[in-house]
Amino acid sequence: MSFHTESSARKSQLIILSVFIVLALLSLFGLKIALITCLYFEGMTLICFILCFVLVSKTRWLLDFQDNVLILTNTANHNQYRLDDLTGSDFHFKQTAVQMKANRCDLKLANLPFGLYDVYNYEELKAYIISAY
C-alpha cells in the first residue's frame with residue numbers, strides 16, 4: 001500500500017519574511033554609526049533575504065508513503081530522506097479555513113527537527129494514514 005503527495009515551503013517563506021522585517025526595523029531605528037556602512041549592510045541583507053526567499057519558494061517536498069516508511073524528496077536538489085518505522089501517532093495535522101477549501105493541511109512529523117508544511121491532498125492523506133497505521 002502506498003500514497004504519494006507533495007508539500008510546499010509556505011511556512012519557511014513566512015519565517016524568512018518575519019526575520020527580514022525584524023532586522024530591517026532594528027537597522028532602521030538603531031544607532032547609525034556611519035551612513036555608508038549602514039546602507040551597505042542593509043543592501044547586502046536585502047540581497048541575501050531575497051535570494052533565500054526565492055530559493056525556498058521554489059522548493060517542494062515530494063512525500064511517498066510505502067507502508068510505515070516515508071521517503072521525502074526535495075525537488076530543488078533531488079536529495080532523498082527515508083523515515084522508517086512511522087506510527088499513526090507520529091503525524092500531527094492542523095488545517096486553516098483557506099487550507100480546508102483547497103484540500104491542504106499543515107503536517108508535522110513528531111520527533112523530527114523539521115516539519116513538513118502545507119501538504120496537498122489532505123483528505124486522501126488522512127484516509128491513507130488511518131487505514132495504514
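The values are calculated or read from the model by the stated rules, or taken from the named source; none is laboratory data. These figures come from a predicted structure and were not determined experimentally. Here the Cβ positions follow ideal geometry from the backbone for every residue, glycine too, while neighbour counts run over all protein chains shown.
Assorted remarks:
- Of all residues in segment 65-82, those satisfying the criterion of being more than 17 Å from the chain's Cα centre (by Cα) and under 16 Å from GLU6 (Cα atoms) are PHE65, GLN66, VAL69, ARG82.
- Inter-residue pairs, beta-carbon under 7 Å, first over 12 Å from THR75 (Cβ atoms) and without any contact (Cβ under 8 Å) to a residue 24 or more places away in the chain and in segment 40-64, second in a helix (DSSP H, G or I) and of a type outside the set (Val, Ile, Thr), 6+ apart: PHE41/SER27; GLU42/SER27
- Counted residues, segment 109-133 - those being buried (at least 17 other Cβ atoms within 10 Å of the Cβ), farther than 25 Å from LYS58 by Cα and within 20 Å of the chain's Cα centre (by Cα): 0
- The single condition among (1) outside any loop (DSSP other than H, G, I, E, B); (2) at pLDDT below 75; (3) loosely packed, with under 11 Cβ neighbours inside 10 Å that SER18 does not meet is (2).
- Flag for ARG104 being buried (at least 16 other Cβ atoms within 10 Å of the Cβ) and either farther than 30 Å from ILE21 by Cα or in contact with a strand residue (DSSP E or B) (Cβ under 8 Å, 6 or more places away or on another chain) (or both): yes
- Note on segment 45-90: enclosed strands (runs of 3 or more DSSP E) holding 2 or more residues that are loosely packed, with under 12 Cβ neighbours inside 10 Å are 80-83.
- Restricting segment 103-133 to residues that are of a type in the set (Ser, Thr, Tyr) and not in a helix (DSSP H, G or I), the residue that is modelled with the highest pLDDT is TYR120.
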